[in-house]
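Notes follow the structure.
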Amino acid sequence: MVAQEREFTAPTVQLLTPEGALRPSPEAEAYLPLIEALDDATLEQFHRDMVISRRLDITGANLQRQGQLALWVPSHGQEAAQVGSARASRPQDHIFPSYREHIVGMIRGLDPVRILGLLRGATLGGWNPAENGNFHLYTLVLASQTLHATGYAMGIKFDGASGTGDPETDAAVLVYYGDGSTSQGDASEALVFAASYQAPEVFFVQNNQWAISVPVSRQSRTPLSLRGAGFGMPSLRIDGNDVLVSYAATRVALEEARSGQGPSFIEALTYRMGAHTTADDPTKYRTDDEVAYWAERDPIIRYRAWLESRGASAEFFASADEEAADVASDVRKRALEVTVPTRETIFKHVYSEPHPLMAEQAAWLQAYETGFEGGAA
């Protein structure tokens, strides 16, 4: 008897078609009131954010090719997933990124030069989340941030900082990771604990189709959104190149988390148009036809078409492009001015207050380094 191949499917929730028409899928109908309530300034900000993200991406890649960065991590193609979800968060929420969410950090108030300084090798850690919109540090160890985020979300619940009924203070956690990271054990452990403790957390998976050179079809025989359901939490798959549904779905999920309804899981279908990092050559493992297919679903072109249908002016789009160019130029200039930190910097943030052990170690390191000065060649 020949075994039958089993098929697993999940609907893709969408508000904007690839052509830029507002034509909700059946599952997206409930989100329409949220979009209709947004004013023109907010809708235009989505476009500005995505254009800035795209321009910064180009600048980062150029700086790396010119030897000014050790590495650059592109986000080209994933702008809608990131902008929509980030704009759905509230100031009291905590954001745990992977290493590709540059525009999310900027939306939360992080100076992008801090990101370039990290990739330039000129920082020993990154930034203080408390001073940057609760945007936590980049994590290069795949999926480890899912555990950090879950632990933090559990702490929020234990502290009674969610589920009080006050939307101005109730907090939640939003954690970003990719399709490749879903194969890591840490990701599954995070889902276990989040579900068990009903932590106020939203797992946001950017399925950009490739874990470096491994396609998602090899990583999972089912839609990734079914992972969350398997752990007992509400889960859905959205069109990650649709900024409107990214915003609406994440907003609802975060509101439910803040109100005490527990965690949820969002899989955003998108595509990494560029390399995994500038150390990667995607032409070695994917076809031109595949890239062309996704290029036709570009999130910025799609959203611009919708804004134009609503009457957005050519002047608006020109001003958005000019703003993006100005931001990129400023970031480039200041990134080139970033210097290597002094050796004392490594000891400054180990403890919140001065500590004799740090003073002792700093003195030892100073003596050790001094011992190399003026020595025999």
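The values are calculated or read from the model by the stated rules, or taken from the named source; none is laboratory data. It should be emphasised that the depicted structure is a prediction, and the values quoted were computed from it without experimental measurement. Here Cβ is always computed from backbone atoms with ideal geometry, including for glycine, and neighbour counts include all displayed protein chains. Just the protein is used for accessible areas: all its heavy atoms, side chains included, with ligands, DNA and RNA removed. Shrake-Rupley method; radii C 1.70, N 1.55, O 1.52, S 1.80 Å.
Which of the residues that make up segment 309-326 are among the hydrophobic types (A, V, I, L, M, F, W, C) and open to solvent by 40 Å² or more (accessible area, probe 1.4 Å)?
Going through segment 309-326, the residues among the hydrophobic types (A, V, I, L, M, F, W, C) turn out to be 312, 314, 316-318, 320, 324-325.
Hits for segment 309-326 are Ala314, Ala318.
In segment 174-226, which residue that is within 24 Å of Tyr247 (Cβ to Cβ) and in a loop (DSSP other than H, G, I, E, B) is most open to solvent (accessible area, probe 1.4 Å)?
The qualifying residue most open to solvent (accessible area, probe 1.4 Å) is Gln209.
Applying the selection to segment 192-224, what residues are out of contact with any strand residue (DSSP E or B) (no Cβ under 7 Å at 6 or more places or on another chain) and not small (Gly, Ala, Ser)?
Of everything in segment 192-224, those that are out of contact with any strand residue (DSSP E or B) (no Cβ under 7 Å at 6 or more places or on another chain) and not small (Gly, Ala, Ser) turn out to be Val192, Phe193, Tyr197, Gln198, Trp210, Ile212, Val214, Pro215, Arg218, Arg221, Thr222.
Conditions tested, residue by residue: (1) assigned by the TED database to the domain that holds Val73; (2) at pLDDT 95 or above.
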site	(1), (2)
Trp294	yes, no
Glu315	yes, yes
Ala328	yes, yes
Glu353	no, no
Pro356	no, yes
Gln366	no, no
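Regarding segment 238-256, can at least one residue be identified that is free of Cβ contacts under 8 Å to residues at least 12 places away in the same chain and either within 25 Å of Ser89 (Cβ to Cβ) or out of contact with any strand residue (DSSP E or B) (no Cβ under 9 Å at 6 or more places or on another chain) (or both)? Can you show your working first?
The first filter runs over segment 238-256 and keeps only residues free of Cβ contacts under 8 Å to residues at least 12 places away in the same chain, leaving none.
No, segment 238-256 has no match at all.
Every residue in segment 108-133 that is of a type in the set (D, E, K, R) and surrounded by fewer than 17 Cβ atoms within 10 Å (Cβ to Cβ), please.
Correct list: Asp111, Glu131.
For segment 279-356, please list each of the helices (runs of 4 or more DSSP H) lying entirely inside it that holds at least 3 residues being over 23 Å from the mean Cα position of the chain (by Cα) and under 29 Å from Asp239 (Cα atoms). Let's see the steps before the verdict.
On the way: elements: 288-295, 299-309, 314-335, 345-348.
In segment 279-356, the matching helices (runs of 4 or more DSSP H) lie at 288-295, 299-309, 314-335.
Assess whether Gly105 counts as being in contact with a strand residue (DSSP E or B) (Cβ under 9 Å, 6 or more places away or on another chain), within 30 Å of Ala295 (Cα to Cα), crowded, with 17+ Cβ neighbours inside 10 Å and in contact (Cβ under 8 Å) with a residue 60 or more places away in the chain. Talk me through it step by step, then tell me what you get.
Numbers: in contact with a strand residue (DSSP E or B) (Cβ under 9 Å, 6 or more places away or on another chain): yes; within 30 Å of Ala295 (Cα to Cα): yes; crowded, with 17+ Cβ neighbours inside 10 Å: yes; in contact (Cβ under 8 Å) with a residue 60 or more places away in the chain: no.
No.
Tally up the residues in segment 292-308 that are open to solvent by 40 Å² or more (accessible area, probe 1.4 Å) and either in contact with a strand residue (DSSP E or B) (Cβ under 8 Å, 6 or more places away or on another chain) or not small (Gly, Ala, Ser) (or both), please.
Going residue by residue through segment 292-308, those that are open to solvent by 40 Å² or more (accessible area, probe 1.4 Å) are 292-297, 301, 304, 308.
Those still in the list that are either in contact with a strand residue (DSSP E or B) (Cβ under 8 Å, 6 or more places away or on another chain) or not small (Gly, Ala, Ser) (or both) too: 293-294, 296-297, 301, 304, 308.
Selection size over segment 292-308: 7.
It is to be established whether one or more residues within segment 42-50 are surrounded by fewer than 16 Cβ atoms within 10 Å (Cβ to Cβ) and among the basic types (Lys, Arg). Spell out how you get there, then give the answer.
If we filter segment 42-50 for residues that are surrounded by fewer than 16 Cβ atoms within 10 Å (Cβ to Cβ), which is where we start, we get 42.
Those left that are additionally among the basic types (Lys, Arg): none.
No: zero hits.
Is it the case that Ser144 is open to solvent by 10 Å² or more (accessible area, probe 1.4 Å) and touching a strand residue (DSSP E or B) at 6+ places or on another chain (Cβ under 7 Å)?
On the way: open to solvent by 10 Å² or more (accessible area, probe 1.4 Å): yes; touching a strand residue (DSSP E or B) at 6+ places or on another chain (Cβ under 7 Å): no.
No, not satisfied.
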